[in-house]
Structure formats: structure tokens, C-alpha cells
Amino acid sequence: MNKLREIPKIDKIIKNDIFKNLNIKLLTQITKQQIEKLREDILQNRVQKVDNLKLLKEIEEAYKEIFKPSLKPLINATGVILHTNMGRSLISKELLKRAQPLICNYSNLEYNLKDGCRGERYEHVSSHLKNLLGVEDILVVNNNASAVFLVLNTFAKDAEVIVSRGELVEIGGSFRIPEVMSQSGAILKEVGATNKTKLSDYKASINENSAMLMKVHQSNFSIEGFSESTPYKNIKELSRQENLIDYYDLGSGYIPILPYNLSKKEASLIDILKLNPSLISFSGDKLFGSVQAGIIAGKKELIEKLKHNQLLRMLRVDKITLSLLEETIKAYLKEEYELIPTLQMLFTTTDELEKRALHVEAQIGKEYCEVQQSKTVMGGGTLPNREFPSIALHIKGKAQQLEREFRAKLTIGRIENDRFLLDFRTIMQKDEELLIQIIKEVLL
Ligand SMILES: *Cc1c(COP(=O)(O)O)cnc(C)c1O
């Protein structure tokens with residue numbers, strides 16, 4: 001096997017000029033792997049001759065491959081603002097900038113500056129949130145799924161939680177109310193029917209082992225037609241009479257009145273909190289428009305009990321989350337909604353979107369594309385079946401093929417009636433010139 005002897009030595013390879021700026025340790029490791037592969041190819045008779053230049057190129061490629069990012073920024077041209085597969089809510093550069101000193105420095109995260117002793121991690125964000133929401137107390141955990149789990153585990157372990165059969169929902173594939181319930185140790189007591197649950201159904205199932213009346217937002221579907229659900233207000237009142245805890249898993253919570261009449265069938269956080277609930281929880285990165293987090297709000301003595309559950313240690317949030325959440329809440333207090341991208345995209349008028357779409361159309365030419373009216377939805381399991389207007393650029397040509405070609409260039413559009421559309425509701429203004437470039441590359 002003379003050919004094996006033709007393989008250059010590792011020491012010699014890594015000294016080659018083309019590798020001079022690379023990390024030696026990593027380069028040595030990759031070179032060993034590539035040589036091993038070459039040996040194998042020689043032994044299997046897959047290689048007739050050792051090609052030094054080819055070997056060097058392969059090592060260089062393998063090195064570069066390691067540093068190719070797996071997470072990549074995309075242009076979301078689907079029109080769906082809270083796209084679960086694309087990261088839900090975005091954080092604006094301005095809020096990131098404001099949070100940065102707290103992320104890059106030591107801070108009083110858990111240090112009481114007044115007394116020079118250990119402080120409370122949740123205090124910082126909770127005082128702002130209490131101001132914003134006007135509630136007694138607040139707790140922030142990793143996401144809303146953990147909020148639900150913590151609440152059930154703390155107040156309903158081995159006890160019954162009464163929930164309507166119309167609200168036993170699955171959210172995003174891995175979160176199912178009945179399963180979360182059983183894992184938390186709570187006992188699910190289903191009442192009513194899929195399409196109808198009355199207050200009397202809740203009332204009839206209360207017994208000495210009942211701990212809680214729970215309402216779950218249906219989130220990603222709606223029941224139309226012959227249907228009836230009990231308003232939270234009545235569930236709350238019944239809980240009070242029966243001395244039970246009421247808990248509303250809202251999924252998504254929002255503050256300002258939403259455009260396009262979207263607030264009509266969907267109570268705001270402020271409306272719900274006016275009813276004085278024992279506990280509610282919602283996601284930080286759905287309509288609230290901040291980081292991934294689960295926000296629990298309600299009665300002080302109940303939040304206090306949640307804080308004493310050992311589980312909290314496992315569900316607790318990092319300073320990065322807390323700092324960004326705090327900046328979002330401060331922006332809410334100052335009504336700087338333009339700094340919250342989820343709201344900013346939702347509140348942009350169709351006139352503004354049309355102006356931007358027409359600009360792109362003019363750059364590309366009407367023979368290739370055309371601006372059209374479109375409709376979109378919020379996404380992320382919020383505001384189910386509630387469409388609202390948007391503006392899209394129809395790219396003329398074979399829809400399936402265009403979808404693939406744009407996707408290869410990290411631009412995700414949608415196909416509707418056999419047309420490939422780029423929806424301007426979610427295209428960020430800063431990406432417009434890049435988008436024009438990409439459209440030209442695909443079409444011209
Ligand atoms: C989205 C949602 C959840 C899960 O929230 P995450 O923040 O994704 O963990 C739980 N309950 C309801 C009703 C929801 O809509």
C-alpha cells in the first residue's frame with residue numbers, strides 16, 4: 001500500500017500558508033479526521049492517487065463548515081406577526097440597547113443595595129408590572145407553559161381542577177391541558193360538553209376535593225354556531241362564593257386597544273384584571289410583544305405561595321430575560337408602542353404598507369410583480385380565525401418554484417390561490433432594500 005505513504009504528515013499540512021489565521025488545535029483535529037477519511041478511501045480502493053491540493057481544500061471546507069451558523073435571520077413575508085416557527089415576538093434594537101448595561105455588567109439582580117444583603121430577583125420587574133397592570137403581585141417564569149404547571153402544582157396537587165370540555169386544548173403540539181394537569185399532580189375534572197358549558201355545570205361538580213376553577217383560552221381555534229361558554233366573570237363569582245381559587249390561563253395578553261376591531265371579542269389584560277381574579281397567566285412573547293416568559297399576576301398571598309414552591313428554582317428566568325422584559329414594561333408605561341415590534345407591525349396602516357409595497361414594485365417592474373390587497377392573521381395561537389387586512393406583493397410566476405427559490409434566499413413568503421405572495425405586514429422596513437435585491441436575484 002504505497003499510496004498510504006503518499007499522505008502528507010499532519011505537521012506539514014497545518015503549516016500551510018492558507019491556514020495561517022486558523023485555530024491550530026481545531027485545525028489539527030479536522031486535519032486528522034480528513035486524513036483518516038482519505039486512508040479509508042485508499043484502503044477501499046475509492047482513491048487512485050493522493051491529491052494534496054484537494055486534501056487542503058477539503059480541510060479548509062470542513063473548518064469553515066463548523067462556523068456556519070445554524071440559526072439565521074430571515075425575512076418573514078408570511079404576514080403572520082407571531083409566527084411560532086420564526087421566533088414569535090421580536091425585540092427592537094432600542095430596547096435591546098436599553099437593556100444592555102444590565103446584561104453586560106454585574107447588577108443588583110439578587111442584591112439588596114439598601115441593606116447590603118441578598119435581595120429578590122423578581123422585585124425589579126414586578127414593581128413596574130404592578131404599576132402597569134394594577135395588580136397586587138406578579139411572578140415571572142420561563143414561559144406560560146411553566147406558569148400553568150407551577151400554578152396547578154402549587155394549588156391543586158391531588159385535588160380537583162374544574163375545566164370546561166371546550167377548553168381542553170392542545171397548543172403547539174407538545175402542550176396539552178389534560179397532560180400538563182396530570183403531570184403537575186392535579187386532578188382534571190371535566191365539565192360540560194365540547195360546544196356548551198354552563199355555570200350550572202361548574203356548580204354541580206364542586207365537591208370537598210375541589211381546589212380550583214380554571215378557564216383556559218381556546219387560543220388556536222374557535223367554536224362557532226350552537227355554542228356557549230361561561231364568561232370568566234361568572235366563574236370568578238362562583239369561585240368566590242365557594243371559597244375556591246379561580247385561575248384564567250389567558251395564553252396571550254395585550255394592553256392597548258387593538259386595531260381592526262380585534263379587541264371586540266377579546267378582552268384586554270386591563271379588562272380582565274378589573275374582575276379581580278385570584279390568578280391569571282399569559283405569555284411574554286405573544287401579543288404582549290416581549291421575551292419568552294410566563295407572567296403570573298394576582299393576589300399577593302397566592303403569588304407568595306408560588307414563590308415558595310421548590311419548582312420555581314427550575315422555572316426561573318435569567319437576567320437577560322428580566323432586563324428585556326423590564327425595558328418592554330417601561331416602554332408600555334411611557335406608551336412607546338413603536339418600540340414593541342409586535343404592536344408596531346399590527347398598528348401599521350394598510351396605506352403605509354401599500355406605499356412601501358408600491359416602492360418595491362416600482363424598483364422591480366410591473367411585468368414581474370404587482371401589489372394586491374391581502375388578509376392575514378396574528379398567529380402564535382392568538383386571536384383565532386380573526387383576519388385583518390394587509391398588503392402583499394404578488395410575484396408573478398410558478399408559485400411553488402418561487403416559494404422554494406425565495407426560501408433558499410432566507411425569505412419566507414406564502415402561497416394563496418396559486419400565487420406566491422410577499423406580505424408587507426411582517427416585512428421590516430430595514431429589510432426593504434435587501435428584499436429588492438433578493439427579488440432581482442430570483443427573477444432577473
Ligand atoms: C400559548 C399558550 C400556552 C403556552 O404558552 P408558552 O408561552 O408558549 O409556553 C399556554 N396556554 C395557553 C392558553 C396558550 O395560548
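The values are calculated or read from the model by the stated rules, or taken from the named source; none is laboratory data. Everything quoted here is computed from the prediction, not taken from an experiment. Note that we place each Cβ from the backbone using ideal geometry, even for glycine, and neighbour counts take in every protein chain shown. Just the protein is used for accessible areas: all its heavy atoms, side chains included, with ligands, DNA and RNA removed. Shrake-Rupley method; radii C 1.70, N 1.55, O 1.52, S 1.80 Å.
Can you report the number of residues in segment 375-414 which are of a type in the set (Lys, Arg) and surrounded by 18 or more Cβ atoms within 10 Å (Cβ to Cβ)?
Qualifying residue count, segment 375-414: 1.
Could you please tell me which pairs satisfy a Cβ distance under 7 Å, a separation of 6+ or placement on different chains, a first residue in segment 280-297 that is closer than 23 Å to ILE235 by Cα, and a second residue that is hydroxyl-bearing (Ser, Thr, Tyr)?
ILE280/TYR248; PHE282/SER252; SER283/SER252; GLY294/SER146; GLY294/SER281; GLY294/SER283; ILE295/SER281; ILE296/SER281
Mind telling me which of the residues ALA408, ALA392 ends up being over 26 Å from LEU269 (Cβ atoms), of a type in the set (A, V, I, L, M, F, W, C) and in contact with a Gly (Cβ under 8 Å, 6 or more places away or on another chain)? Show your work before the answer.
Details: ALA408 fails: in contact with a Gly (Cβ under 8 Å, 6 or more places away or on another chain).
Unique residue meeting the criteria: ALA392.
Could you please let me know if LYS305 is in contact (Cβ under 8 Å) with a residue 60 or more places away in the chain, among the charged types (D, E, K, R) and farther than 21 Å from PHE175 by Cβ?
yes
Taking segment 161-176 as the region of interest, how many residues are open to solvent by 30 Å² or more (accessible area, probe 1.4 Å), within 14 Å of the ligand (Cβ to nearest atom) and closer than 17 Å to ILE235 by Cα?
Residues flagged as open to solvent by 30 Å² or more (accessible area, probe 1.4 Å), within 14 Å of the ligand (Cβ to nearest atom) and closer than 17 Å to ILE235 by Cα within segment 161-176 amount to 1.
When only residues in segment 237-255 that are more than 21 Å from the chain's Cα centre (by Cα) and in contact (Cβ under 8 Å) with a residue 40 or more places away in the chain count, which is most open to solvent (accessible area, probe 1.4 Å)?
Step one: filter segment 237-255 for residues more than 21 Å from the chain's Cα centre (by Cα), giving 237-247.
With in contact (Cβ under 8 Å) with a residue 40 or more places away in the chain added as a condition, the list becomes 245, 247.
On the way: ILE245: 32, TYR247: 0 Å².
Per the criteria, the residue is ILE245.
Being among the charged types (D, E, K, R), open to solvent by 30 Å² or more (accessible area, probe 1.4 Å), out of contact with any helix residue (DSSP H, G or I) (no Cβ under 8 Å at 6 or more places or on another chain) and within 18 Å of ASP246 (Cα to Cα): is that true of GLU208 here? Break it down stepwise before answering.
On the way: among the charged types (D, E, K, R): yes; open to solvent by 30 Å² or more (accessible area, probe 1.4 Å): yes; out of contact with any helix residue (DSSP H, G or I) (no Cβ under 8 Å at 6 or more places or on another chain): yes; within 18 Å of ASP246 (Cα to Cα): yes.
Criteria met by GLU208.
Of all residues in segment 120-155, which are of a type outside the set (Val, Ile, Thr), closer than 30 Å to GLU228 by Cα and more than 16 Å from the ligand (Cβ to nearest atom)? Write out each step before concluding.
From segment 120-155, those of a type outside the set (Val, Ile, Thr) are 120-124, 126-134, 136-137, 139, 142-147, 149-150, 152-153, 155; that's our starting set.
The next check asks that each one be closer than 30 Å to GLU228 by Cα; those that pass are 133, 143-147, 149-150, 152-153, 155.
Correct list: LEU133, PHE155.
For residues that are of a type in the set (Gly, Ala, Ser) and closer than 21 Å to SER290 by Cβ, scanning just segment 130-160, find the one that is most open to solvent (accessible area, probe 1.4 Å).
GLY134
What single numbered condition from (1) out of contact with any Cys (no Cβ under 9 Å at 6 or more places or on another chain); (2) closer than 22 Å to LYS319 by Cβ; (3) not acidic (Asp, Glu) fails to hold for TYR111?
Unmet for TYR111, out of (1) out of contact with any Cys (no Cβ under 9 Å at 6 or more places or on another chain); (2) closer than 22 Å to LYS319 by Cβ; (3) not acidic (Asp, Glu): (1).
Regarding GLU179, is this residue open to solvent by 50 Å² or more (accessible area, probe 1.4 Å) and either within 13 Å of the ligand (Cβ to nearest atom) or in a strand (DSSP E or B) (or both)? Lay out the reasoning, then the answer.
On the way: open to solvent by 50 Å² or more (accessible area, probe 1.4 Å): yes; either within 13 Å of the ligand (Cβ to nearest atom) or in a strand (DSSP E or B) (or both): yes.
So GLU179 passes the test.
May I ask you to list the residues in segment 310-349 that are free of Cβ contacts under 8 Å to residues at least 12 places away in the same chain and among the hydrophobic types (A, V, I, L, M, F, W, C)?
MET314
Test LYS265 against the stated conditions and say whether it is in a loop (DSSP other than H, G, I, E, B), more than 15 Å from the ligand (Cβ to nearest atom) and either within 24 Å of VAL169 (Cβ to Cβ) or among the hydrophobic types (A, V, I, L, M, F, W, C) (or both).
When the stated conditions are applied, LYS265 passes them.
Only one of ASN85, ASN21, ASN2 is free of Cβ contacts under 8 Å to residues at least 24 places away in the same chain, under 30 Å from SER323 (Cα atoms) and surrounded by fewer than 17 Cβ atoms within 10 Å (Cβ to Cβ); which?
Criteria check complete, one pass: ASN85.
Which condition breaks for ILE329 when tested against (1) within 16 Å of the ligand (Cβ to nearest atom); (2) in contact with a His (Cβ under 6 Å, 6 or more places away or on another chain)?
(1)
Against the condition modelled with pLDDT of 95 or more and buried (at least 21 other Cβ atoms within 10 Å of the Cβ), how does LEU258 come out, does it pass?
No, not satisfied.
Would you pick out the residues in segment 223-262 that are acidic (Asp, Glu) and within 16 Å of the ligand (Cβ to nearest atom)?
ASP246, ASP249
Considering only residues that are in contact with a helix residue (DSSP H, G or I) (Cβ under 7 Å, 6 or more places away or on another chain) and either open to solvent by 30 Å² or more (accessible area, probe 1.4 Å) or within 18 Å of MET378 (Cβ to Cβ) (or both), look in segment 273-290 and name the one that is farthest from the ligand (Cβ to nearest atom). Quick ask: steps written out before the conclusion?
Of the residues in segment 273-290, the ones in contact with a helix residue (DSSP H, G or I) (Cβ under 7 Å, 6 or more places away or on another chain) are 273, 275, 277-284, 287, 289-290.
Going one step further and asking which of them are either open to solvent by 30 Å² or more (accessible area, probe 1.4 Å) or within 18 Å of MET378 (Cβ to Cβ) (or both), we end up with 275, 282-284, 287, 289-290.
Values: LEU275: 18, PHE282: 8, SER283: 3, GLY284: 7, LEU287: 10, GLY289: 13, SER290: 11 Å.
So, considering only residues that are in contact with a helix residue (DSSP H, G or I) (Cβ under 7 Å, 6 or more places away or on another chain) and either open to solvent by 30 Å² or more (accessible area, probe 1.4 Å) or within 18 Å of MET378 (Cβ to Cβ) (or both), the one farthest from the ligand (Cβ to nearest atom) is LEU275.
Any idea how many residues of segment 135-181 are of a type in the set (Gly, Ala, Ser) and over 17 Å from the mean Cα position of the chain (by Cα)?
4
Could you list, ordered by first residue, the pairs with Cβ atoms under 8 Å in which the first is in segment 210-222 and over 19 Å from LYS157 (Cβ atoms) and within 9 Å of the ligand (Cβ to nearest atom) and the second is open to solvent by 30 Å² or more (accessible area, probe 1.4 Å) and part of a strand (DSSP E or B), at least 6 apart or interchain?
What qualifies is SER219/ILE171; ASN220/ILE171.
List pairs: first residue in segment 391-418 and on the phi > 0 side of the Ramachandran plot, second residue in a helix (DSSP H, G or I) and open to solvent by less than 70 Å² (accessible area, probe 1.4 Å) anywhere in the structure, Cβ distance under 6 angstrom, at least six positions apart or on different chains.
If the second residue must be in a helix (DSSP H, G or I) and open to solvent by less than 70 Å² (accessible area, probe 1.4 Å), the pairs left are ASP418/ALA399.
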